[in-house]
Amino acid sequence: LREAETSLDIVYHSTHPSVTTSAFYTEVHQAAERGIRVRVILDGKAGASGSELKSIVNRLAVHPNIEFRLYNSLNVLAAWTWHGMLHDKMMIMDERLLLMGGRNIADRYFAPPDFSGSVTYDRDVLVAKTRELGQSVLAQGLAYFDLLWDSPDTRPAKGRARQDGKWLLVTEQAAAFEADHPDYYA
């Protein structure tokens, strides 16, 4: 995320309140502050559950360099859509790196040193562009992201530009984690 120069395209099934999530969203915000165009898609039911994460999404969704969308948000009047979920996990940076795998964003997937809960072990794959995109996995990932982005089931998240203490706590938690564990950022 820190090496992005022009764009970040991010899609995740879920994020959960944790140190890892604070670090992730802080890095997304810092990228946008550097002028990086950021597009984020989260599952509309599991992607940002809980008031703390909704507050974070609301805060980020109003940033001029961040576009946030939710896939298939819960609609009680459309029961046939309740089971449709976005279970993807991937990030594309500058159309040159693709990270995809099974991990959601939460401590149980990354097991930071102070984490004492049960760990979910998933794998990630990093694909790097070594030649023209053509029909590469990276090109397919970009095309898939754009397909999701333009889907009628994906709608913009409504952001609110209100100041609250939750964002300050997120950034403080991320800064403390980086200070305590600089090796994660090396």
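The values are calculated or read from the model by the stated rules, or taken from the named source; none is laboratory data. Every value quoted in this text rests on a predicted model; they were computed, and no experiment measured them. Don't worry about glycine lacking a Cβ; one is built from the backbone with ideal geometry, like all the others, and counts go over all protein chains shown. Only protein heavy atoms, including side chains, enter the accessible area calculation; ligands, DNA and RNA are left aside. Shrake-Rupley method; radii C 1.70, N 1.55, O 1.52, S 1.80 Å.
Among residues other than Asp122 whose Cβ falls under 12 Å from its Cβ, what is the net charge (Lys/Arg +1, Asp/Glu -1)?
Working: positive: Lys89, Arg103, Arg108, Arg123; negative: Asp124.
The answer is +3.
Calculate what fraction, in whole %, of the accessible area of the chain sits on carbon and sulfur atoms when a 1.4 Å probe is rolled over the protein chains.
Working: 5580 of 10290 Å².
The nonpolar share, carbon plus sulfur, comes to 54 percent.
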Residues with beta-carbon under 15 Å from that of Gly102, excluding Gly102: net charge, scoring Lys, Arg +1 and Asp, Glu -1? 0
If you count the DSSP beta bridges with both ends in the chain, what percent of them are antiparallel, to the nearest 5? 55
Points 7 angstrom from Cα along the Cβ direction at Asp124 and Glu3: gap in nanometres? 1.2
How much accessible area per residue does the chain have, counting only protein heavy atoms and a probe of 1.4 Å, in square angstrom? 55
Which residue, Gly101, Gly117, Gly35, tops the fluctuation ranking in a GNM of the chain built on C-alpha contacts under 10 Å? Gly117
